[in-house]
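Report on the structure given below.
The values are calculated or read from the model by the stated rules, or taken from the named source; none is laboratory data. Note that the structure is a prediction, hence the values are computed from the model and not measured. Quick reminder, even Gly has a Cβ in these numbers, built from the backbone with ideal geometry, and neighbours come from all protein chains shown. Accessible surface is based on the protein model in full, side chains and every heavy atom, while ligands, DNA and RNA are left aside. Shrake-Rupley method; radii C 1.70, N 1.55, O 1.52, S 1.80 Å.
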Amino acid sequence: MSHANYRELPIHEWLFKHFRDPLVFINHDEQVIRENEPAIHMLGKMEGESIHEYIQFDLLKDQKESHLLMKLKMGTERSFRVRSIKMGNREDFLYALIFQPVSLAEQKGEIEKVEKDWMAVRSEGMVMHEEGRIIDCDKTFARMFGYEPCELIDRDVFQLTSVENRSKLLDMLQNEYDPPFPLKGVKKDGSTIFLEIMAHPRAHDQLLRVAVVKDVTERVHNEKKIEFMSYYDEVTDLPNRMYFNEMLNEAIHQAKMTGEKLAVHFIDIDYFKQINDTLGYSFGDLLLKACASRLKHTNDANTFVARMGGDEFLVLQRNVASKTEAEEQAQVMIDTFKQPVSIEGYDLFTTISVGISLFPSHGTTADDLIKQADSAMYTVKESQRNKYMSYDSSMTEKFEAMLSVETELRKAIKQEQLEVHYQPQKSIMTGKVVGMEALIRWQHPTKGFIPPSSFIPIAEKTGQIVEIGEWVMRKACFQNKQWQKDGYEPVIVGVNLSALQFHQKDIVQRVRKILDETGLDPSYLELEITESMAMTNEEYIIKTLNDLRQLGVHVSIDDFGTGYSSLKYLSRFPVSKLKIDKAFINENQKQNQAIVKSIIHMSHSLNLKVIAEGVETVEQLNFLRKEQCDEIQGYYYSRPLPPEQLSDMFSRPYVH
């Protein structure tokens, strides 16, 4: 056949026009003779041009079929997988070039746009006797099943079909079918092959039937892969949110008819963001897989586990007899995380927080049940984590109030409604002011004073705490430098670091920048981290603390006694001071005196100073003085004050 007429192509014109990827035909002179619309749109008008102007065609042309990853010589920097197929005979041939864009976003698209077997698809012709005995077949059909043609002559065609599909094949042999219909075949080695059969009309003698058979195994596998990607999470292989919603809707529909009760558990991995930011996203993915595995093994046939997204999971529990039974299941899931998760040599202790909603008590739709369980989970995380909580209506009201505070807080930052007050810290031995703790205050224009406990937890959730914390640090450093310029004896200013701030990879650089901008000597800044923050990732914490100490900044551990510290950790951490939590000072004083004594003596044995916060009575002061506590802070001496009211504090000689 001659290709002088550009319309004479070795594939049907309809296939050429409807092929989704850029498709270009090259003649034996290596000139472009046809290109479809996707090719024109993506590559430009190429007809009549030498293909060498666009790609290194020499790398492709010597083989009958080949493919390479290439970049065009002109026009675009995008990469393409170029597939070359030589079609025709030695004297009269064309090259078909398929350009497939390669990018992360398009990889799934490639699967979804699985190529039709457009090259006049070698659909294998086969002649069959009406009773299923093979009279003849071509090589490609035979090799599709792993045979040579001679091995199939006189063989029963049902032997090539899976047992469950034999009745379908019999029906096809006995009736006329226009559309191709699917069939599952069995190869010589016993493996499965997926087929499409197009039965030709009966021959005139009514004895022989001809069928065209197409191997669609790759397409079926791709369709299954696409289905998996649509319904399953690629990181954990758990069902995804869409699949969970379908299962929950189905369960609700059945429960409405049967009176069955359901529970939805909304699960969040505690401190996952800090772990992810510290150890990297690859490590975070491994942690998600490990947590998913534990949740799967904890649940049974009455439960359905899915990944919501991020560090959140969902569990549907069927046949729930009572709220207590749902809470028992939540506790089982929490308990399974008591053992450390081993990942790349790390024994990582992690915990989960679980919120529970019940059908029909807390909602009758999938969205409502998930939303209420989510609200309950966030309530757990606000208070203590590593716990479960069932939903009640007050949580919704609280969540709406939280959204209101978040909006107001954004305005407060922009409109400078926030202030920094300072609470003096006194040496018990000398009575002198040795430090000031910077504490944020919010003076709302209409609501008045808003306590930190009402907005700091919300700022931590939304990430606003990073901006607020940095603002407080800059303000405190500037004020401390101003006091020094005013002639007051230099003191250390303490600033609280949130977990989000502390786990920023550039936290040391941020602190250095603030010190440079304000001119404050690093030795007059103390950063306070909580005990629970210090325990999250020992190696990272030690490195960051060492970097801060090398900068010249002091570091103290706040709220000491409320976490899980040990002498081993404290001996390794380059900290200079422990702050005893006020709960040990104010509550059950007699019971806590032994704890306070041990903290003071332990700290001194490690050459650490101790400061007690929340000191409100002379009895507390006398006890701390007797036990040789170094410093105090609390309302007994002074409440937090704005800087203009603190001038006379520097001159007071003693703690009275």
- Message: Could you report segment 233-391's accessible area per residue, 1.4 Å probe, as an integer in Å²?
- Response: 45 Å²
- Message: Under the rule of at least 5 residues apart or a separate chain, name every residue whose amide H is placed under 5 Å from the amide H of Glu616.
- Response: Tyr636
- Query: In nanometres, what is the gap between the two model label sites at Val618 and Ser167, each 7 Å from Cα along Cα-to-Cβ?
  - Reply: 9.7 nm
- Antiparallel as a % of all DSSP beta bridges within segment 413-645, to the nearest 5? 40 percent
- Compute the distance in nm between two label points, each set 7 Å from the Cα along the Cα-to-Cβ direction, one at Val210 and one at Lys289. 5.3 nm
- Item | Spacing of the two label points (7 Å from each Cα toward its C-beta) at Glu260 and Ile40, in nm | 5.7 nm
- Quick one: which residues, 5+ away or cross-chain, put their amide H under 5 Å from the amide H of Asp136? H built at 1.01 Å from N. Val127
- Quick shape check on segment 233-391: root eigenvalues a ≥ b ≥ c of the Cα gyration tensor, a/c under 1.5 is rounded, otherwise prolate if a/b tops b/c, else oblate, and it reads prolate
- Would you be so kind as to identify which of His41, Phe93, His67 lies farthest towards the positive end of the dipole of segment 13-106, taking Lys and Arg as +1 and Asp and Glu as -1 on Cβ and the Cα centre as origin? His67
- Query: Roughly how many Å is it from the Cα centre of segment 12-69 to that of segment 253-314, as a whole number?
  - Reply: 48 Å
- Task: Give, as ranges by residue number, the residues of segment 617-639 whose backbone N falls under 18 Å from the point 7 Å along Cα→Cβ of Thr430.
- Result: 625, 628-633
- Amide H neighbours of Gly431 under 5 Å, counting only residues 5+ apart in sequence or on other chains, H built in-plane at 1.01 Å? Val655
- Query: For segment 489-504, what does the Karplus curve 6.51 cos²θ - 1.76 cosθ + 1.60, with θ = phi - 60°, yield as ³J(HN,Hα) per residue in whole Hz, taken in order and with x for Gly and Pro?
  - Reply: 5, x, 10, 8, 9, x, 10, 6, 9, 6, 4, 5, 5, 4, 8, 5
- Query: What accessible area per residue comes out for segment 413-645, rounded to a whole number of Å², with a 1.4 Å probe?
  - Reply: 46 Å²
- Query: By a straight-distance test (C-alpha under 23 Å), which lysines pair with Lys214 as possible cross-link partners, with residues fewer than eight away in the same chain excluded?
  - Reply: Lys17, Lys64, Lys86, Lys113, Lys116, Lys139, Lys168, Lys184, Lys187, Lys188, Lys224, Lys225
- Step through the residues of segment 424-432 one at a time and calculate ³J(HN,Hα) from phi using the Karplus curve (6.51 cos²θ - 1.76 cosθ + 1.60, θ = phi - 60°), rounding each to whole Hz and writing x for Gly and Pro. x, 10, 10, 6, 5, 6, 9, x, 7
- Message: Can you compute the FRET efficiency between Thr351 and Glu218 using 1/(1 + (r/R0)^6), with r the Cβ-Cβ distance and R0 = 45 Å? Round to the nearest 0.05.
- Response: 0.50
- Query: If you take the beta carbon distance between Met242 and Leu69 as r and set R0 to 41 Å, what does 1/(1 + (r/R0)^6) give as a FRET efficiency, to the nearest 0.05?
  - Reply: 0.80
- Item | Loop GluC sites (Glu not before Pro), segment 302-348 (other Cβ atoms within 10 Å of the site Cβ: 15 or fewer; DSSP) | Glu344
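Would you mind getting me the FRET efficiency between Gln339 and Gln384? Use the beta-carbon distance for r and R0 = 25 Å, nearest 0.05. Please list the in-between numbers first.
Values: r = 20 Å, r/R0 = 0.81.
Here the calculated transfer efficiency is 0.80.
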